[in-house]
1. Taking all protein chains in place and a 1.4 Å probe, what share, in percent, of the accessible surface of the chain do carbon and sulfur account for?
2. Indicate the gyration tensor shape class of the chain (rounded, prolate or oblate), computed on the Cα atoms with a ≥ b ≥ c the square roots of the eigenvalues: a/c under 1.5 is rounded; otherwise a/b larger than b/c is prolate and the rest oblate.
3. Looking at the chain as a GNM with Cα springs under 10 Å, which of 41, 183, 106 has the largest mean-square fluctuation?
4. Calculate the FRET efficiency for residue 72 and residue 3 from the Cβ-Cβ distance with a Förster distance of 35 Å, rounded to the nearest 0.05.
5. Would you calculate the separation in nanometres between label points at residue 90 and residue 61, each defined as 7 Å from the Cα along the Cα-to-beta-carbon direction?
6. How much length is gained on full extension from residue 111 to residue 48, taking 0.36 nm per residue of separation minus their Cα-Cα distance?
7. Can you give the accessible area per residue of the stretch 13-111, in Å², using a 1.4 Å probe?
8. Looking only at 178, 101, 16, which one moves most when the chain is put into a Gaussian network model with springs between Cα atoms under 10 Å?
Amino acid sequence: MLWPLELPFKITCVLFAALILLAVAMAPNMKWKRGRVFRLSLAIAALLFIPSCSGIMAVLDSQRFGVFQHATFDDVNDPRVESWLPSAATDIRLQKWMGGFKAKYSITNADLKKFMDRLWQKHGQYSTMSRAQIQTQLDSGRLIDTPPPGVDDDPADWPPLTNPAVYMSPQAANGAGFTIWYSIEDGVVYQEAAYW
């Protein structure tokens, strides 16, 4: 869950290290002692670290979270999303945030079934519930059975699906996984995914 902090933290560390080294290297030109400049630069960096890291994170977040439109799977370029999205998906609308995403895309029934089968073969042994247990609960109505509306998006972009079938991925102990609502008639998937 802390993955969004990693890149801003690294960028801030590298930036401040470079600025401190530059200040120490330039100290003799200003007739200052390097040790004193180093200590002063380190103190300033410590005071400004959190605000700088927050600013860098805000800039990065504006690029990596929000609503995105992609023609094909190959256009997505986000490993967290790609691991939960079928490669045959087209006309993809993504709404990404730190802990997951919602997606709307087109796919054939055969391609979706192949994707789900491969996913369960690869990760099924790590799931907190077996595929049969999940299906039993879905059939009994004990799990989610209506697709969620889009997040921060126009509801017209998420019209109700015609007779949607519900599928679930393997569910990790930390809550990671996804739910799919698929309408064969519409050829459209609504997907809600969480990763930690």
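The values are calculated or read from the model by the stated rules, or taken from the named source; none is laboratory data. None of these values were measured; they are calculated from a predicted model. For neighbour counting, all protein chains shown are included, and Cβ atoms are generated from backbone atoms with ideal geometry for every residue, glycine included. Note: areas computed on protein heavy atoms with side chains; ligands, DNA, RNA excluded. Shrake-Rupley method; radii C 1.70, N 1.55, O 1.52, S 1.80 Å.
1. For the chain, the apolar C and S fraction of the accessible surface comes to 63 percent.
2. Working: a/c = 3.41, a/b = 2.65, b/c = 1.29.
Taking the square roots of the gyration eigenvalues as a ≥ b ≥ c, the chain is prolate.
3. 41
4. Values: r = 25 Å, r/R0 = 0.72.
About 0.90, to the nearest 0.05.
5. Output for this residue pair reads 3.6 nm.
6. Details: separation 63, 0.36 × 63 = 22.68 nm, distance 5.06 nm.
Value of the extension gain: 17.6 nm.
7. Working: 5950 Å² over 99 residues.
Spelled out: the 1.4 Å probe surface of the stretch 13-111, per residue, equals 60 Å².
8. 16
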